[in-house]
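Have a look at the structure below before the remarks.
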Amino acid sequence: MKKVAVIGAGTAGLASAIRLKSLGYDVTIYEKNDKIGGRMNQIKENGFTFDVGPTIVMMPKLYQEIFEVSGADYKDYIEMLRIDPMFEIQYRDRTTLTASNDLVRMTLENEQVSEEDAQGYMAYLAEVYKRYLVAKNHFIDRSFRKPSEFYNPKMLYQGLKLKTLSSAYKSISKYVKNEKLRQSLAFQTLYIGISPYNGPSIYTIIPMIELLYGVYYIKGGMYSMAKAMEKRFLEMGGKILLNQNVEEFIIENKNIKAIKVNGKISENYDAVLSNVDFPWAMNNLIKDNKNKGKYTPKKIDKMLYSSSSFILYIGTKKRYNLKPHTFFFTNDFNGNINDIFDGKTPDDPSYYVYAPSRIDSSMAPEGKESLYVLVPVPNKSDSPEKWDEKQTKAYTDKILDMMSYHEVFKDIKDNIEYLKVYTPNDFETQFNLQFGATFGLRPTLLQSNYYRPQNKFKFLNNLYSAGSSNHPGAGVPIVLNSAKLAVNELHKDLK
Ligand SMILES: Cc1cc2nc3c(=O)[nH]c(=O)nc-3n(C[C@H](O)[C@H](O)[C@H](O)COP(=O)(O)OP(=O)(O)OC[C@H]3O[C@@H](n4cnc5c(N)ncnc54)[C@H](O)[C@@H]3O)c2cc1C
């Protein structure tokens with residue numbers, strides 16, 4: 001039986017491991033932390049349960065597929081509930097916008113804006129759905145080993161159909177005129193850490209995916225998915241080793257023979273599938289520049305990175321009446337986004353509040369709420385911020401003040417029972433994310449598809465890689481696909 005070491009027990013690591021096991025490989029996962037999950041992690045304190053990173057479940061089929069490929073029924077592992085309304089936006093002028101994917105509710109809500117915009121909304125959906133099918137069938141569901149697989153007339157024609165040169169915001173503005181409606185269909189690019197004002201317009205598919213395929217919640221929070229994958233992998237006979245800091249790939253003649261873990265050399269492996277953030281892995285796990293191919297430290301430094309996140313995890317003494325997903329938008333939405341990508345920590349930010357305890361009583365003690373407050377901030381390459389204790393405290397106070405402005409949170413500062421804060425530093429050190437960029441490499445046109453680090457590493461014979469900074473990109477469902485592509489590539493070579 002061929003042996004594969006999977007480095008990292010994040011979403012893509014666990015999903016790859018299950019797929020490899022299903023194909024008959026002997027699989028061992030090495031994880032540096034004392035818990036599986038990576039960014040899909042959990043904080044459990046004083047009766048409060050918080051998801052650390054991902055919270056919004058989209059494309060549920062991709063979550064389910066990972067159990068199905070291993071011969072199991074996903075319903076025995078996770079309980080998925082559809083959320084409707086999907087989210088609410090609260091504006092500074094105290095108006096709200098509720099996003100539903102119930103066609104009747106959505107139409108009535110849009111007609112409140114104008115009939116013209118309601119019609120434009122439908123036209124946007126029809127057009128973007130067309131582009132989504134092209135993206136899915138020709139780019140997201142396949143990897144690119146050789147230039148000829150990308151540079152051929154068929155692919156270039158499909159690429160043109162994506163019409164990706166304009167920005168997400170500009171593309172949406174062609175269909176709807178109302179500024180708030182435009183923002184409600186453009187801000188989702190922040191889910192993958194790029195600006196709606198200059199991120200490729202193809203990412204307007206994100207709100208379309210929410211609308212057409214729904215937004216879901218997994219009982220117990222997102223971490224239940226990580227635990228479910230761990231359970232399935234262990235049932236299949238896989239091995240997970242925790243507190244194993246992988247320090248180096250031991251390479252001979254372009255082959256990884258073994259890995260150096262906690263100062264010791266491991267047994268030999270036939271292949272390595274790395275779930276470590278790709279730029280970080282290049283800088284730290286391959287020591288000799290000759291084996292890095294084009295990914296030298298200089299190149300890694302020059303690449304563009306997604307935004308980072310500043311997050312408050314708040315356990316409150318009382319309940320707060322809000323939707324499970326609420327976005328609080330600042331007046332100067334455009335200025336706020338520009339700040340993030342110009343490397344300025346926003347002074348007047350928009351932020352997102354996730355309140356899973358509104359729909360799942362297991363997430364907080366009775367009569368209390370568990371709140372996750374995410375503020376998009378620049379990554380550490382774009383910004384000089386140190387996020388030391390003083391700055392972290394000042395920014396925490398600012399966000400709590402901003403929350404108190406809204407009626408729903410007017411007494412929040414008097415009702416905090418538990419508070420934990422994650423800054424870009426925490427994401428950098430806890431999960432080895434280059435520059436603390438919480439969504440990995442920024443998916444610009446020149447860092448997407450063929451130009452994104454591929455799932456088969458070209459410059460060594462037996463290294464494969466899956467995760468947010470690899471093809472096809474960030475976000476749980478997309479990273480689950482990355483695992484599928486990486487395992488397919490590995491199996492092509494090893495079977
Ligand atoms: C704040 C935040 C909010 C998000 N919101 C959403 C959302 O709502 N919906 C959504 O779909 N996606 C969301 N995402 C994105 C999603 O979480 C990620 O794309 C996905 O979880 C990343 O998985 P991964 O497998 O690529 O990497 P990771 O989860 O980072 O896994 C990598 C693993 O490798 C381990 N590792 C690193 N270095 C070593 C080493 N040297 N030795 C051993 N192990 C090592 C790490 O500890 C980690 O466990 C969010 C992300 C963040 C951070």
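Per-structure values
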quantity: Solvent-accessible area per residue for the chain (1.4 angstrom probe, square angstrom); calculated: 40 Å²
quantity: Gyration tensor verdict on region 205-327 (Cα atoms; rounded if a/c is under 1.5, prolate if a/b is larger than b/c, oblate otherwise); calculated: prolate
quantity: Debye intensity ratio I(q)/I(0), log10, region 305-440, q values 0.18 Å⁻¹ (C-alpha model); calculated: -1.02
quantity: Heavy atoms of Thr444 accessible to a 1.4 Å probe, total area in Å² rounded to 10; calculated: 30 Å²
quantity: Ratio Rg/Rh, restricted to the chain and using Cα atoms, in which Rh is the Kirkwood radius; calculated: 0.95
quantity: Built amide H within the under 5 Å cut-off of Ser309, gap 5+; calculated: Val377, Thr438
quantity: Sum of -39500 (n - 2.57) over DSSP H runs of 4+, divided by residues of the chain (222 nm, nearest 500); calculated: -10000 deg cm²/dmol
quantity: Count, lysine Cα pairs under 23 Å in region 276-348, 8 or more residues apart or across chains; calculated: 9
quantity: Rounded percent of accessible protein surface that carbon and sulfur make up, the chain, 1.4 Å probe; calculated: 50 percent
quantity: For region 103-213, diffusion coefficient by Stokes-Einstein and Kirkwood Rh (Cα), 25 °C, 0.890 mPa s, µm²/s; calculated: 166 µm²/s
quantity: Spatially near lysine pairs across region 1-96, Cα under 25 Å, sequence gap of 8 or more or different chains; calculated: 14
quantity: Cβ-placed point charges (K, R +1; D, E -1), dipole of the chain about Cα centre in debye, nearest 20; calculated: 1880 debye
quantity: Cα-based helix-to-principal-axis angle, 11-22 vs the chain, degrees rounded to 10; calculated: 50 degrees
quantity: Folded to 0 to 90 degrees: helix 223-235 orientation relative to the chain principal axis, Cα; calculated: 30 degrees
quantity: Region 428-471 versus region 161-213: alpha-carbon centroid distance in Å; calculated: 23 Å
quantity: Distance in nm between pseudo-label sites at Asn321 and Lys170 (7 Å out along the Cβ direction from Cα); calculated: 4.4 nm
quantity: Under 16 Å between alpha carbons - lysine pairs in region 103-213 that sit 8 or more apart or on different chains; calculated: 9
quantity: Exposure ranking of Lys180, Lys292 by accessible area [1.4 Å probe, largest first]; calculated: Lys180, Lys292
quantity: Alpha-carbon centroids, region 307-374 and region 113-146: separation in whole Å; calculated: 28 Å
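The values are calculated or read from the model by the stated rules, or taken from the named source; none is laboratory data. What you are looking at is a predicted structure, and each value in this text was computed from that prediction instead of being measured. Glycine also receives a Cβ, built like all others from the backbone with ideal geometry; neighbour counts cover every protein chain displayed. These area figures cover heavy atoms from the full protein model, side chains too; ligands, DNA and RNA do not enter into them. Shrake-Rupley method; radii C 1.70, N 1.55, O 1.52, S 1.80 Å.
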